[in-house]
Structure formats: structure tokens, C-alpha cells
Amino acid sequence: MINPPNIKIAIASGKGGTGKTLVSTNLFYTLQQNKYPTTLVDCDAEEPNDLVFFEGKLVKTYEETQKVPVIDKSRCTFCGRCHDYCNYNAIFILPPFKIIKVIEDLCHGCGACSVACNDMAISEKDESLGTISCFDIAEKSIIIEAKMKVGVFSPVSVIKQAIKEAGNTGIILLDSPPGTSCPFIHTVSTADFVILVTEPTPFGLSDLKQSVDTLKTLNKKYGVIINRAGMGDNEIYDYLKQEHIPLLMEIPFDKTIARNYSKGEIVVKDKPEFQEQFLTMFNSILEQNANSSHQR
Amino acid sequence: MQIAVISGKGGTGKSSISAAFATLSDKVVLADCDVDAANLYILFNPTHEEEQVYISGQKAEIDYTLCTNCGLCASYCRFDAISLVNEKITISDILCDGCKLCSRICPTEAISMIDSNDSRMFAGTFRNGKMVYGRLAPGEDNSGKLVNIVRDKAKEIAKAENIDTIIIDGPPGIGCPMISTITGVDSVVIVTEPTLSGKHDLERTIEITSKFNLKTWVIINKFDLNEDMTLEIENYCRGIDIAIAGKLGFDPQVVQAMVNCKSIPEWIPNSTISKQIREIFENIKN
Ligand code: SF4
Ligand code: SF4
Ligand code: SF4
Ligand code: SF4
């Protein structure tokens, strides 16, 4: 291997469970076997799973925090300005009863209340949003896991931090959160290329269309992997043709694949021909990326 | 009664099972609370009777005829959403969290807040009753609130139409929308698969559901893909006193049902899997 490429690839699917984790972990494994320096970032922070498939050595772990206001009641004049400034209804105030409370679950840590207060009654403390953990899997092969703390309003902050932690060199794979809302957008917006994993079913197609529409507005390069090919109908193929979306790879429905995956095994491990397919796909992504004017 | 069907991850067959439940009762209100990837309308093609705009949040926008490029807003924004792009102060739509602080402090009042209003709630009639679903526009947030709107509507319709069963298809994950989905329901059904990651997700899901005092059931879907793991999940559930509502085998007809826009019991009413789903549903209802 010459000149390790620098590229960030997000692996996503409209909904979870279509094989996004299967593709992420097996692509990661294939690249690792071919001595590419690769970092896999598990951005599915609500339910991170990639580590189920690998043994690694924890080298670093820390908490991602946000600021939450603390109100000093002895200074507070119950003027209500902080409440008016908070765009998330996170401050509850009843001036006649001298009651004021921060509802921490609703607070986004924007700092507006501190700006609002003229009586120096607000200070801030750190609240954990989740953890970022880095694992060495093999030489130059790293998994970074973003794990949201249960009950936090959004996984976006931990995801952003995990992606930042991965840096900008080598191959970075982002196992993206499901859906097309904020967590998904924050993840894919940092990527050079997006692999959408889907199934040949009406649900799969509907989710795929939604993802494609989103990626179009973000101006991203993308391609599609059809998982469990041969199981459903053909409409998805017509859609890809009509929209000129590259079909990167098809993974046939196969009970042994499903069974090995279920045991937490890497499916390509004993299948060189399958690894070859992942590698070919990866090279075609590199090519498509090089041909585009899009720059990181 | 309200029954919520959830799963740690999507793709475990949760929607197929919700759809099956919805067609096993004479009359139901079906609430699709997977607002990020609402799917059940594809199977049931409900009529379009009601539509409601849902404002999920706000984004800041600069009026450049007023902006003096002073940069003050950028120093206040905690979401790194404001930066200089080609020497010009610019707000990133993706990064803006909608806190409004920049708009409040801008000395020239150049920043206004624009409502994100592309999300919708829909309600209509389908072949087994009424259906309510939400659709969160791409990139919008606060799906928990939209879930609440869908659920409130479902309750309102159930009351008006005298329907006593509400089936809720929940979102994947364990965040706010999932919590909004299970708050105040009578039964929660967690659909899982016999995979190591499935078990992992199940544990994380139960960590949350156990905080709510709910009747909780687990369905192991495609249990025959890995019977050892199925056994492990069964033992785990037994250990923490959670009932296994049933196990469903892998059946390619499940996908065929979907392709033909039918629920499993509608497509193959006399099959083993339909019989099992019926039993599970009776179990949960009683
Ligand atoms: S930091 Fe922002 S979100 Fe939190 S309470 Fe203050 S104003 Fe509200
Ligand atoms: S702005 Fe300051 S003084 Fe006024 S109510 Fe809030 S904390 Fe109290
Ligand atoms: S604070 Fe107002 S005037 Fe200053 S750069 Fe920001 S938008 Fe422009
Ligand atoms: S509204 Fe808040 S998050 Fe958005 S740009 Fe202004 S300060 Fe930043």
C-alpha cells in the first residue's frame, strides 16, 4: 500500500438495523487487514455497538460535558430576565413565591441566562452528556465510541466530540446514527462520502428516499449498498437507476451471514472474496471522491 | 389501553409487529411515533383528514443590510455556529441550535429567528380504524415533542370514536422520543433479535423502561437465527423478571407481506407466524 489516503466516509441508513453496523465493522476490518490506518467512529451514540465485534485496548476515555446554570438564590432578585432569555423553557420561575429552578434536562447550555442576569446570580457547572472512549484494535486501527448518557436531550454533542477526536488523517469511518434528524446531519455533514445502506423493501425505499433528499440538500457525494438483496422487490433498483445513484455493492441475504453477525463475528473474516468486494468498493469511493471538486 | 412497540434499534421487525397488532383488532388507533422514519402509512395508505404544522425549533438568520460584521455574535454563540466565511460573518444552519442569544445581543438587531416549520402531524382513516403519524423534516430536532403531539391526537381520536386500543409504533433508540413514546402507556413491547448487539441494545433499553412502572414484554424476532443467543436473552429476561411475550421464527413471507402492503396476518392469516402473533397479542392485552 502506498500513500494512505485521507478520507472521511459516513455509513448511514434511514432507519437502524438495515446493516449499517455490518457494513461499518466489516469495512473497518477489511481496511485493517490491508494495513490502512483506519479509525472507526461509532456515532450511533444512543446504542453504540461496533465494539461488540472487536477486542480492543482502552487507551483513553473522558466525559463530554455542557454548562448548566446554577442560580444563587441569595443574589437573585426574581426579575425573570433569565427565564425570558431561555429559548428552551429550561428556567422555571414563580416570583411571588421566590421560586426559581433550572430544569437541567431541558437546558442546552447556551449561556443566554448568564448574559441576561444583571445581578450576578448565575454561575455555571459542568454536566456530563456522555463519554468518548478510544480503543486500539490493531496497529493504526482505532475505534472511537461516542456514548450518550441516558436521558440527555440530544446525542449531538458527544457525536461531534467523537468525530473531532478522530482528527483528519487516514481513513475515518463514521457509523452514523439512524434517521435524518440532527444527529444524522451533524455526522454526515463532516464526511467526504456517504454510504447509504438499505434493504430492497418498501420501508427501505421510503427511508432511502428521505436520506437521499437530505444528502442532496447537504450537497454530499453518496452511493448505496443493498443489504439482504434478493429478499424483497425490485423497485429500489429502478429508483437508483432513475436517480443515477451508484450501487456500490449488494450483500445477498444469507443465513450464515446473519448467524455469524448475530454471534458478534466479523462476517468477512473467513471470506477473502467478500473482503475483496469491500476493498473494490472502497477503491471506487476513493476514485469518485478524487474526481469530484469537493474538498474537505 | 395503550400498547407501545419499541426496539433498541430499528430493523428488528418492530414495525411489522406493530402493523400486525393493528390489524388484529376490529378497531384501533394506530400511532406511528417513529417520526424520523415513519413507515406504516406505506402499508396502510390512510386517508388524509388532518394535517398540522409542527414547529420543531428556530434558526438564526442575518439581515446583511443591517450587519456591520462586528463579530460580537460569534463570540457569544456556544455552538460554533457563527464564523467568518470569506471575511463575512455567517451562520451555519446545521450548527445553529436556535438559542436566540446572538439575536438578543446583536447591536444592530440584524439577526432574526426563523421557525423550522417543515415537520407535520397527519391523521386519517385506514382499514382497521384511525391512524396518526408524524413526520420530522430532515435535520429538524425535538422529535420527542412531535411524538407527544401524535400521541395526544391518537388519544383524542380514540376518545371521540370510542376506540379502546391504541397501538404505538415507537422510534428506535433510547433518547427523548422513545421516552415520550412509553410515558403513560399500559404495556411496552420490546422487539429484539438474537444477536450480540441486539442483546446489548435490549439491556440499554430495559435500563430505561425499568424506570417507568410499566408492564414490559419482550418479543424475540427471528429467534432461530441464533438459538444460543435466544436462550441467553431468555435467561437474562427471566433473571430480571421480564416476560417473554413470544418468539417468532424467521419467515421470508414477512418481507413479502410488506412488499404487498399487507400486515403479516393479512397476508398469511393461516401461517404459524400469524397464529403466534395472535397469541402474543392476546397475551399482552389480557
Ligand atoms: S444555559 Fe441556555 S438553555 Fe440553559 S437555562 Fe440558561 S438560557 Fe436556558
Ligand atoms: S436574571 Fe438573575 S436575578 Fe433575574 S431571575 Fe434570573 S437569576 Fe434571578
Ligand atoms: S453581532 Fe450583529 S452586527 Fe455584529 S456581526 Fe453579528 S449579526 Fe453582524
Ligand atoms: S441562535 Fe444560538 S446557536 Fe444559533 S447562531 Fe445564534 S447563538 Fe448560535
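Across every pair of different alpha-carbon atoms, what Kirkwood hydrodynamic radius in Å does chain A reach?
For chain A, the Kirkwood estimate is 20.9 Å.
Going from the chain on its own to the full set of protein chains, the range B:115-149 has these residues losing 50 Å² or more of accessible surface (heavy atoms, 1.4 Å probe, no ligands, DNA or RNA): B:P138, B:G139, B:D141. Straight-distance candidates among the aspartates and glutamates for linking to A:K8, with alpha-carbon spacing under 14 Å and chain neighbours fewer than 8 residues away dropped: A:D42, A:E165, A:D175, A:D192, A:E287.
All Cα-Cα separations within the range B:107-205 were binned at 5 Å from zero, giving a P(r) of 2, 10, 18, 18, 16, 13, 10, 5, 3, 2, 2, 1, each value a whole percent of the pairs. Remark: relative contact order (the range A:1-122) = 20 percent; criterion is Cα-Cα distance under 8 angstrom and separation of 6 or more residues. Starting from the Cα gyration tensor of the protein assembly as shown, take the square roots of the eigenvalues, sort them a ≥ b ≥ c, and report rounded, prolate or oblate (rounded when a/c is under 1.5, otherwise prolate if a/b is larger than b/c, else oblate). Here the protein assembly as shown falls in the oblate category. Using C-alpha pairs under 8 Å with a sequence gap of at least 6, the mean separation divided by the residue count of the range B:58-115 gives a relative contact order of 51 percent. Of the solvent-accessible surface of chain A, computed with a 1.4 Å probe over protein heavy atoms with every protein chain present, carbon and sulfur atoms account for 49 percent. Shown here is the pair-distance distribution of the range A:73-120: with all Cα-Cα distances grouped in 10 Å bins from zero up to the longest one, the shares run 28, 59, 13 percent. Ignoring aspartates and glutamates fewer than eight residues from B:K59 along the same chain, the ones with Cα atoms less than 16 angstrom from its Cα are B:D80, B:D93, B:D97, B:E109, B:D115, B:D118, B:E140, B:D141. Figure note: A:F278, A:F92, B:F212 ranked by solvent-accessible area, largest first, 1.4 Å probe, ligands and nucleic acids not counted: A:F92, B:F212, A:F278. Under 1.5 on a/c is rounded, so check that first for the range B:58-115, then, if it is not, pick prolate when a/b is larger than b/c and oblate when it is not; a ≥ b ≥ c are the square roots of the alpha carbon gyration tensor eigenvalues. Rounded. Among the GluC sites (Glu not before Pro) within the range B:26-84, those in coil by DSSP and having at most 14 neighbouring Cβ atoms inside 10 Å are B:E49.
I want the antiparallel fraction of DSSP beta bridges within chain B, as a percent rounded to 5.
Antiparallel: roughly 45 percent of the beta bridges in chain B.
If you average the sequence gap of Cα pairs under 8 Å that are 6 or more apart and divide by the length of the range A:73-120, what percent do you get for the contact order?
41 percent
Overall, chain B carries a charge dipole of about 420 debye about its Cα centre when +1 sits on the Cβ of Lys and Arg and -1 on the Cβ of Asp and Glu, all other atoms neutral. Both chains summed, the buried accessible area for B and A stands near 4900 Å², from protein heavy atoms and a 1.4 Å probe.
Can you sort A:F54, B:F21, A:F97 by solvent-accessible area, 1.4 Å probe, largest first? Don't jump to the answer; show the numbers that get you there.
Details: A:F54 25, B:F21 0, A:F97 145 Å².
Reading off the accessible areas and sorting them downward yields A:F97, A:F54, B:F21.
If you roll a 1.4 Å probe over chain B with all protein chains in place, what percent of the accessible area is carbon or sulfur?
That fraction is 47 percent.
Evaluated at q = 0.09 Å⁻¹, the base-10 log of the normalised Debye intensity for the range A:90-220, with identical point scatterers placed on the Cα atoms, takes the values -0.42.
Among B:C106, B:C261, the sequence by solvent-accessible area, most first, with a 1.4 Å probe is B:C261, B:C106.
Given 37 °C and 0.692 mPa s, how large is the Stokes-Einstein diffusion coefficient of chain B in µm²/s, with Rh as the Kirkwood radius over Cα pairs? Rounded, D is 159 µm²/s. Its Cα gyration tensor gives the range B:194-286 an equivalent ellipsoid. The semi-axes, each the square root of 5 times an eigenvalue, are 25, 16, 12 Å from largest down. In this label model, A:K263 and B:N260 are separated by 3.6 nm, measuring between points 7 Å along each Cα→Cβ vector.
Once the partner protein chains are put back, the range A:125-153 shows a loss of at least 20 square angstrom of accessible area, versus the chain by itself, at A:K147, A:M148, A:V150, A:G151, A:F153 (probe 1.4 Å, ligands and nucleic acids excluded). Contact residues in the range B:6-37 by the 20 Å² criterion (accessible area, 1.4 Å probe, full protein complex versus chain alone): B:K9, B:G10, B:G11, B:D36, B:A37. Taking 4.7 Å between beta carbons as the limit, the unpaired Cys residues of chain A are A:C43, A:C76, A:C79, A:C86, A:C107, A:C117, A:C134, A:C182.
In chain B, the longest principal axis of the Cα atoms and the axis of helix B:272-285 are about 70 degrees apart. In this structure the protein assembly as shown gives 42 Å² per residue of accessible area when probed at 1.4 Å with all protein chains present.
Across the range B:175-247, counting alpha-carbon atoms alone, Rg and Dmax equal 11.9, 34 Å.
Separation of the range B:233-247 and the range B:34-58 by C-alpha centroid, Å? After rounding, the separation between the Cα centres reads 33 Å. Among the protein heavy atoms, those of A:T77 account for about 80 Å² of accessible surface (1.4 Å probe, every chain in place).
Computed with a 1.4 Å probe over protein heavy atoms only, the accessible area of B:D26 comes to about 150 Å².
Measuring with a 1.4 angstrom probe and ignoring ligands and nucleic acids, A:E64 comes out at about 40 Å² accessible.
The values are calculated or read from the model by the stated rules, or taken from the named source; none is laboratory data. In this text, all values refer to a predicted model and were calculated from it rather than measured experimentally. Note that each Cβ is placed from the backbone with ideal geometry, even for glycine, and that neighbours are counted across all protein chains shown. When the accessible area is computed, the model is the full protein with side chains, heavy atoms only, and any ligands, DNA or RNA have been set aside. Shrake-Rupley method; radii C 1.70, N 1.55, O 1.52, S 1.80 Å.
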